[in-house]
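Notes follow once the structure below has been shown.
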Amino acid sequence: MDNIKQELQEGIIVPFLGMEVFKETKATDGTQLPFDSDSMILALNNGRAMSQRLMYEYSRAAMSLEQRKGREFIKQMTNHIYSSKEYEIPAVYKYLKTIQPKYIIDTNMDNSGCKVYEDVKHFMIQGVSRIMGQGYDRFVVYLYNLENKIYKPIDKDELNSNYPILFKPMGGTIPDMNFIVSDADFVDWLTEAMGGYALPPFLKEYKKNKSYLFLGVDFSRDTFRMVANEITLGLKGGYIVMDKKELTKKEQKFIKTHNLKLINSSIEKFLKDLE
């Protein structure tokens, strides 16, 4: 555990965060923040379950809602989930704020990742999809101004290692509402990712020879295995923290293929062991 903490601080290991880090997170009104595909679907659909076919994965359910109610509805609902209520950031983000790693991959769409670096100058890369007028790039690069606490868009070639980098490939609530949430969003993003357009040029080089610490990522579903595979191409192994008695064959294959060491633990216990 000492090695993991030290390598997180040195940027050798990169935290890769998924939705399950919200499992113990409730808003001040007592409602649960979405922490898996099912709870995300309920949140998007005003607490109502959808057909079994659509409940398979939230991107599929979101696509159905988008087809019926429009893309703007999904955008506003996603923003509403994370922006309409107050809640403490999950323990993972609190821990990361104490060490402020040089590079974090945060697939969650709220602003908890931003709070890790709220007191330091940093870059944020936000994923976008189905856009016009920006070529094939599926990202926007921002620089955080410490004086006025505002993210300013910058040219992708200005990205460097002088400041920490927060990569939010699935978008986020601030500074602009950009969300990769429906099937059409993911298909567009993944298509361009496979063509090399989901990461800025600097990040493609910077991520070489990195290991990853996967926390709260559900690899039983195809979508996030594909997302993780594209973002971590060329990885040097790493760790995955999961509190499951049995892994699916797809999870087992991902772990083996990517040379990951399974840490069978809850996220809470893992963080306590790190400390």
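General remarks:
- Just one of the listed residues (Ile99, Ile131) is farther than 26 Å from Val217 by Cα and aliphatic (A, V, I, L, M), and it is Ile131.
- Every condition in (1) modelled with pLDDT under 95; (2) among the β-branched types (Val, Ile, Thr); (3) farther than 30 Å from Lys236 by Cα holds for Thr28 except the one numbered (1).
Each row is one residue, and each column tells you yes or no for (1) free of Cβ contacts under 8 Å to residues at least 12 places away in the same chain; (2) over 30 Å from Asn264 (Cα atoms); (3) outside any helix (DSSP H, G or I); (4) charged (D, E, K, R).
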| residue | (1), (2), (3), (4) |
| --- | --- |
| Tyr151 | no, yes, yes, no |
| Asn162 | yes, yes, yes, no |
| Ile174 | no, yes, yes, no |
| Val181 | no, no, yes, no |
| Ala184 | no, yes, no, no |
| Asp188 | no, yes, no, yes |
| Leu199 | no, yes, yes, no |
| Asn209 | no, no, yes, no |
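- Test: residue in the stretch 101-110 that is under 13 Å from Phe22 (Cβ atoms) and of a type in the set (Val, Ile, Thr): yes
- Restricting Ser83, Ser112, Ser129 to residues that are buried (at least 17 other Cβ atoms within 10 Å of the Cβ) and either more than 16 Å from the chain's Cα centre (by Cα) or without any contact (Cβ under 8 Å) to a residue 40 or more places away in the chain (or both) narrows the list to Ser112.
- Test: residue in the stretch 134-147 that is modelled with pLDDT of 95 or more, of a type in the set (Val, Ile, Thr) and either closer than 28 Å to Leu33 by Cβ or touching a helix residue (DSSP H, G or I) at 6+ places or on another chain (Cβ under 9 Å) (or both): yes
- A count restricted to the stretch 234-255 and to residues that are exposed (fewer than 14 other Cβ atoms within 10 Å of the Cβ) and either of a type in the set (A, V, I, L, M) or touching a residue at least 40 places away in the same chain (Cβ under 8 Å) (or both) stands at 0.
- Residue in the stretch 92-103 that is part of a loop (DSSP other than H, G, I, E, B), on the phi > 0 side of the Ramachandran plot and either more than 19 Å from the chain's Cα centre (by Cα) or not assigned by TED's automatic domain parsing to the domain that holds Pro200 (or both) present: no
- Set Tyr163, Tyr58: member being outside the structural domain of Lys269 (by TED's automatic domain parsing), surrounded by 14 or more Cβ atoms within 10 Å (Cβ to Cβ), aromatic (Phe, Trp, Tyr) and at pLDDT 95 or above: Tyr58
- Selection of the stretch 243-275 for residues being under 19 Å from the mean Cα position of the chain (by Cα), of a type in the set (A, V, I, L, M) and more than 19 Å from Leu96 (Cβ to Cβ) yields Ile255, Leu260.
- Any hit, the stretch 231-250, residues being in contact with an Asp or Glu (Cβ under 7 Å, 6 or more places away or on another chain), in a helix (DSSP H, G or I), within 19 Å of Val128 (Cβ to Cβ) and among the hydrophobic types (A, V, I, L, M, F, W, C): no
- Residues of the stretch 13-34 that are closer than 29 Å to Lys261 by Cα and part of a strand (DSSP E or B): Ile13, Val14, Pro15, Phe16, Leu17.
- Within the stretch 86-107, considering residues that are of a type outside the set (D, E, K, R) and more than 23 Å from Asp273 (Cβ to Cβ), the one surrounded by the most Cβ atoms within 10 Å (Cβ to Cβ): Thr107
The values are calculated or read from the model by the stated rules, or taken from the named source; none is laboratory data. Not measured: the values here are computed from a predicted model. Backbone-built Cβ (ideal geometry, glycine too); neighbour counts: all protein chains shown.
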